[in-house]
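The structure appears right after this line, and notes come after that.
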Amino acid sequence: MDIPRQEQSLPVGRHRDLAAWWHARRASHTGVALGEVGDLYHHHYGLGTYDPSVLDGPPETRDDRIVDELHRLETAQAMALLDRLGDVTPEDRLLDAGSGRGGTSFLAHERFACRVDGVSVSDHQVDFSNNQARERGCRGKVCFHYRNMLDTGFPDGFYRAVWTNETTMYVDLPALFREFARLLPLGGRYVCVTGCANDALGRRSAAVSRIDRHYICGVHPRSDYFQALAASGLAPIEVVDLTDRAVPYWELRAQSPVRTGIEEAFLTAYGEGSFQYLLIAADRV
Ligand code: SAM
């Protein structure tokens, strides 16, 4: 399908990941084999407890050890998302909506051996991920496209499952879920991992507003997700509050060479309960 390249109309956020660090390190570690988990590029945050020993030991390797550990937690986050995709066979096709540099797409392909499409409004990311697919030897199966996830141009019912990994805060939810409902057959699965504002507390907190400003995004209130899912015929089958498992990543990142200053806002928002890190799995009904 030949779809014209779309103008980038949406902000994609400021640098929020370890990708630049990986990139620099890969350039200086030519012996690192491509295809290893360590060569995945994530643009999302991490899950689980960290190994505190990375903070000790020789100062000359401390930064690398912390970054490796952050990356391990980011990979664990992607694995938790993939765990919810249901029964995916090698004949199925999956969509990574807002695919960044493709880390979650490659993990999905490795796990399910199926076709994976990724879409992003960053042409640089699309080119980067397609190059990675070539280097990893899966270009025929994992393919990245410069497209808007609100209007992908893919056919109706094309995907067994669709996911968004920290991308929903950049777009209008009702429009997004309408598009996903169109792309999924009856019984198809949608999985979302996202930070959201806890509107059970009322007004948006200063810390959440700071996150919005930092990433030039619009964190949605929790209830907006469920209203928009229901309006599009996407019925939640599982909702997991991952907030407690998200905090250690930020504690470690605050002590890391890739800290940006926004760590404090995340730790405040999580600590006061105004921000929640959710996984939502829903079926097309
Ligand atoms: N999901 C990836 C990951 O986990 O590594 C990337 C997450 S990154 C924070 C947000 C991504 O959403 C970027 O790749 C950006 O290009 C993409 N994005 C934002 N708005 C989009 C849109 N309307 N259509 C497609 N991609 C979009």
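The values are calculated or read from the model by the stated rules, or taken from the named source; none is laboratory data. This is a predicted model, so every value here is computed, not measured. Don't worry about glycine lacking a Cβ; one is built from the backbone with ideal geometry, like all the others, and counts go over all protein chains shown.
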Taking the stretch 202-234 and keeping only residues that are part of a loop (DSSP other than H, G, I, E, B) and either surrounded by 17 or more Cβ atoms within 10 Å (Cβ to Cβ) or touching a residue at least 40 places away in the same chain (Cβ under 8 Å) (or both), one is left with Arg204, Ser205, Ile216, Cys217, Gly218, Val219, His220, Ser232, Gly233
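Could you please find all residues in the stretch 97-109 being assigned to a helix (DSSP H, G or I) and touching a strand residue (DSSP E or B) at 6+ places or on another chain (Cβ under 8 Å)?
Of the stretch 97-109, the ones assigned to a helix (DSSP H, G or I) are 103-109.
Of everything in the stretch 97-109, those that are assigned to a helix (DSSP H, G or I) and touching a strand residue (DSSP E or B) at 6+ places or on another chain (Cβ under 8 Å) turn out to be Thr104, Ser105, Phe106, Ala108, His109.
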Considering the stretch 248-262 alone, what residues qualify as being in contact (Cβ under 8 Å) with a residue 24 or more places away in the chain and within 20 Å of the chain's Cα centre (by Cα)? Pro248, Tyr249, Trp250, Glu251, Leu252, Arg253, Val258, Thr260, Ile262
Answer yes if at least one residue in the stretch 51-71 is away from the ligand (no atom under 13 Å from the Cβ), in a helix (DSSP H, G or I), closer than 25 Å to Tyr249 by Cβ and within 15 Å of the chain's Cα centre (by Cα), and no otherwise. yes
Matching residues in the stretch 72-91 - criterion: being away from the ligand (no atom under 15 Å from the Cβ) and among the β-branched types (Val, Ile, Thr): Val88, Thr89
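Considering the stretch 183-201 alone, what residues qualify as being buried (at least 17 other Cβ atoms within 10 Å of the Cβ) and closer than 30 Å to Arg93 by Cβ? Spell out the reasoning first.
Here is the first cut: in the stretch 183-201, the residues buried (at least 17 other Cβ atoms within 10 Å of the Cβ) are 183-184, 188-198.
Hits for the stretch 183-201 are Leu183, Leu184, Gly188, Arg189, Tyr190, Val191, Cys192, Val193, Thr194, Gly195, Cys196.
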What single numbered condition from (1) within 11 Å of the ligand (Cβ to nearest atom); (2) modelled with pLDDT of 50 or more; (3) out of contact with any strand residue (DSSP E or B) (no Cβ under 6 Å at 6 or more places or on another chain); (4) part of a loop (DSSP other than H, G, I, E, B) fails to hold for Leu10? (2)
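Looking at Leu94, Leu47, can you tell me which residue is within 16 Å of the ligand (Cβ to nearest atom), over 27 Å from Ala254 (Cβ atoms) and not in a helix (DSSP H, G or I)? Don't jump to the end; show me each part of the working.
Numbers: Leu47 fails: over 27 Å from Ala254 (Cβ atoms).
Result: Leu94 is the single residue among Leu94, Leu47 that is within 16 Å of the ligand (Cβ to nearest atom), over 27 Å from Ala254 (Cβ atoms) and not in a helix (DSSP H, G or I).
Which one of these is within 15 Å of the chain's Cα centre (by Cα), at pLDDT below 95 and surrounded by 21 or more Cβ atoms within 10 Å (Cβ to Cβ): His15, His43? Steps first, please.
Numbers: His15 fails: surrounded by 21 or more Cβ atoms within 10 Å (Cβ to Cβ).
Unique residue meeting the criteria: His43.
Taking the criterion of being within 12 Å of the ligand (Cβ to nearest atom), within 19 Å of the chain's Cα centre (by Cα) and of a type in the set (Gly, Ala, Ser), would at least one residue in the stretch 196-210 satisfy it? Let's see the steps before the verdict.
Restricting attention to the stretch 196-210, the residues satisfying the condition of being within 12 Å of the ligand (Cβ to nearest atom) are none.
Looking through the stretch 196-210, none of the residues is within 12 Å of the ligand (Cβ to nearest atom), within 19 Å of the chain's Cα centre (by Cα) and of a type in the set (Gly, Ala, Ser).
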Taking the stretch 117-172 and keeping residues among the charged types (D, E, K, R), surrounded by 14 or more Cβ atoms within 10 Å (Cβ to Cβ) and away from the ligand (no atom under 14 Å from the Cβ) leaves Arg136, Arg139, Lys141, Arg160
List the number of the failed condition for Ala113; all other conditions in (1) more than 14 Å from the ligand (Cβ to nearest atom); (2) in contact (Cβ under 8 Å) with a residue 60 or more places away in the chain; (3) at positive phi hold. (2)
